[in-house]
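The values are calculated or read from the model by the stated rules, or taken from the named source; none is laboratory data. Since this is a predicted model, take the numbers as computed values, not measurements. Cβ: placed from backbone, ideal geometry, glycine included. Neighbour counts: every protein chain shown.
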Ligand SMILES: [Ca+2]
Ligand SMILES: [Ca+2]
Ligand SMILES: [Ca+2]
C-alpha cells in the first residue's frame, strides 16, 4: 500500500512540473505550446506565402501570426453577418502571390430575411488588406451548414465547399450553389471543363468543413458533418454524387432505404464515418519526418469530440488504415489544423463559437512540436 501511494504522488508531481502532454501515460510524440490566446472563434489557419500563419476569426478579422514569436497583427477585416455558424470562414492565397497578392475569403452576408455566403478577394499591399471585391455571391447561407472551406488545386483553380444551409434538397440539384464543392477560376468564374457546365464540381454534400489536396497525388480529400449520424471523410471526384440527403455515410440502409438510390445515382461512399457524430472539421496532410511516424498522415480536427484525428492511408490513398485520436478533450472544441512546412502542427480552438465552454484564455492557437 505505501508503495502504491508513493507512485501516485510521483505521477502528480510530474504532471504539475512538466509540459501538459507528459502527464499522459505513454506520452505523445510531441510537446504542446499555446502560441496565441484571447482569440474569438478562429476558423481557418493558412500557411502564407510570406512564411506567416494567416488566420481568420469568425467575426471578420484576418490576422498574421509569426510562428517564431507568436506575435500576431491584424491584416484586415471584413464586414460580415455573424450569427450562428456563419461569419468569416475560409481563407486562401493566389498561387502567384508575389505577382498577384490576392487573399481569398468566404463569408456570410445579409440579414434576418436573407442570408447568403460569398467569395471575395482582397489585395495585400505588404501591410494591410484592401477592400474586398466580390467574386461569387448568392451562395445559400444560414445560421447553420455554411461550408466555406477554400483550397487551391494543382490545376490552379479554387475549390470551395458550400453547405446545404439547412435546406437539404439543394444538395442533389446540380445547378444550385448549396451542398456542393465548387470549382472556380482564380477570378471566381465557373471553371472551364467542369462536369455540368456550371460551378459544380461535386454534389450531394451536407456541410463540408475540411478540404485539402494531397500534395503529391493531387487527390482531393474532404471532411463533412452529418446530421446526428454519419460524419464523413471523402475523396472528391469530378462530378461525384456524395448522397446527401438521400444517403448518410455508407450505402448500407442504416437510416432507411439507401442502396437503390446509390445504385441509380452512382453515389460515392466515404472512407470513414462516425455515428454518433464528432463534428469533424479542418484537415491537412503531414509531410514531415519531424514527428516520428507521421509522414503522409491525414490530420483532421473535431469540434464535438475535441480531438485531433490522425489517419494513416493505404499506399494508394484510397482507404484509411489506422485512426489515432489525440488531445482528446484537452483544449475543447478544435476547428482547424495546419501542418507547417517545418513539421510543426498548429491547431485552432473554437470554444467561443456559442457551443463550447470557453476558459479564460480561449480561443487559442496551439502548436505541436516533435520532442
Ligand atoms: Ca486551413
Ligand atoms: Ca455522403
Ligand atoms: Ca448509410
**OP:** Hey, can you tell me all the residues within region 254-280 that are free of Cβ contacts under 8 Å to residues at least 40 places away in the same chain, part of a loop (DSSP other than H, G, I, E, B) and either more than 24 Å from the chain's Cα centre (by Cα) or more than 14 Å from ligand 3 (Cβ to nearest atom) (or both)?
**Re:** 255, 257, 258, 266
Original post:
Would a scan of region 236-248 turn up a residue that is under 21 Å from residue 155 (Cα atoms) and within 16 Å of ligand 1 (Cβ to nearest atom)?
Top reply: no
Original post:
Could you give every pair whose Cβ atoms fall below 7 Å, whose first residue belongs to region 143-169 and is more than 27 Å from residue 246 (Cβ to Cβ) and free of Cβ contacts under 8 Å to residues at least 60 places away in the same chain, and whose second residue is away from ligand 1 (no atom under 13 Å from the Cβ) and in a loop (DSSP other than H, G, I, E, B), counting only separations of at least 6 or pairs across chains?
Top reply: 157/185; 157/191
Subject >> Test result for residue 280, buried (at least 23 other Cβ atoms within 10 Å of the Cβ), within 16 Å of ligand 2 (Cβ to nearest atom) and under 28 Å from residue 366 (Cβ atoms) >> reply: yes
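Only one of 198, 207, 194, 230 is within 16 Å of ligand 3 (Cβ to nearest atom) and over 18 Å from residue 104 (Cα atoms); which?
On inspection, the qualifying residue turns out to be 230.
Condition check: more than 17 Å from residue 30 (Cα to Cα), under 15 Å from the mean Cα position of the chain (by Cα), crowded, with 16+ Cβ neighbours inside 10 Å and modelled with pLDDT of 95 or more. Does residue 363 satisfy that?
no
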Original post:
What pairs can you find where one residue is in region 234-253 and farther than 24 Å from residue 313 by Cα, the other is assigned to a loop (DSSP other than H, G, I, E, B), and their Cβ atoms are less than 6 Å apart, with a gap of 6+ or different chains?
Top reply: 244/204; 244/205; 244/206; 247/258
Original post:
Can you tell me which residue in region 309-326 is farthest from ligand 2 (Cβ to nearest atom), limited to those that are touching a strand residue (DSSP E or B) at 6+ places or on another chain (Cβ under 6 Å) and in contact (Cβ under 8 Å) with a residue 60 or more places away in the chain?
Top reply: 326
Subject >> All positions within region 26-64 that are farther than 22 Å from residue 211 by Cα and in a strand (DSSP E or B) >> reply: 30, 31, 32, 33, 34, 35, 36
Original post:
Any residue in region 122-129 that is buried (at least 24 other Cβ atoms within 10 Å of the Cβ) and either on the phi > 0 side of the Ramachandran plot or within 16 Å of ligand 1 (Cβ to nearest atom) (or both)?
Top reply: no
